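Every read-out reported here was derived from the displayed coordinates using simple, explicitly stated rules and does not represent laboratory data. These figures come from a predicted structure and were not determined experimentally. Here the Cβ positions follow ideal geometry from the backbone for every residue, glycine too, while neighbour counts run over all protein chains shown.
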Amino acid sequence: MDDQKFLDFAEDTIVNYYNDVLHQPITKDKVFIVWSCKTLQNNKAILATHSKDKLLFELTYNGDKKEAYLDTYDKINNRVVEV
């Protein structure tokens, strides 16, 4: 899948997740891409939204199997670590 097609798919996937699973209406303009890459036939993106829930999403596309996997992360805490 080419880069732009994957990124569009990724944003649509997050919108559908909010609307269908979380039952929180959201539009595509509220989704932003934090990071993305393509290696050979595979794609990966980290996405977030402007929603107050602070969820972070990782979408991986396996080009060999033509499958996509969505992982959802929630921030548990933030603390200073001494260096």
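Computed quantities for the displayed model
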read-out: Leading residue at positive end of dipole, segment 3-74 (Cβ point charges), from T72, F9, P25; value: F9
read-out: Links that overshoot a 21 Å alpha carbon limit, given the list K5/K52; K5/K38; K5/K65; K5/K54; K28/K66; K30/K65; value: K5/K52; K5/K54; K28/K66; K30/K65
read-out: Cβ-placed point charges (K, R +1; D, E -1), dipole of segment 3-74 about Cα centre in debye, nearest 20; value: 120 debye
read-out: Long-range HN-HN contacts of N42 with modeled amide H, under 5 Å; value: G63
read-out: Relative contact order computed over the chain (Cα-Cα under 8 Å; 6+ residues apart), in percent; value: 20 percent
read-out: Full-extension gain in nm, C37 to D20, via 0.36 nm per residue minus C-alpha separation; value: 3.4 nm
read-out: Angle between the chain longest axis and helix 3-16 axis [Cα atoms, degrees, rounded to 10]; value: 50 degrees
read-out: Cβ-based net charge around D53, under 10 Å, with every Lys or Arg adding one and every Asp or Glu removing one; value: +2
read-out: Structure-derived Cα Rg over 2.2 N^0.38 Å - corresponding label in (i) 1.30; (ii) 1.00; (iii) 1.19; value: (iii)
read-out: 3J(HN,Hα) from dihedral phi, segment 76-82, Karplus parametrisation 6.51/-1.76/1.60, rounded to Hz, x for glycine, proline; value: 8, 7, 9, 9, 7, 10, 5
read-out: Those residues of segment 44-60 whose amide nitrogen sits under 11 Å from the label point placed on Y69, 7 Å along Cα→Cβ; value: 59-60
read-out: Computed label-point distance, nm, for sites V83 and D12 using a 7 Å Cα→Cβ extension; value: 4.3 nm
read-out: Rounded FRET efficiency, nearest 0.05, which uses the C-beta distance separating N62 from Q4 and R0 of 25 Å; value: 0.85
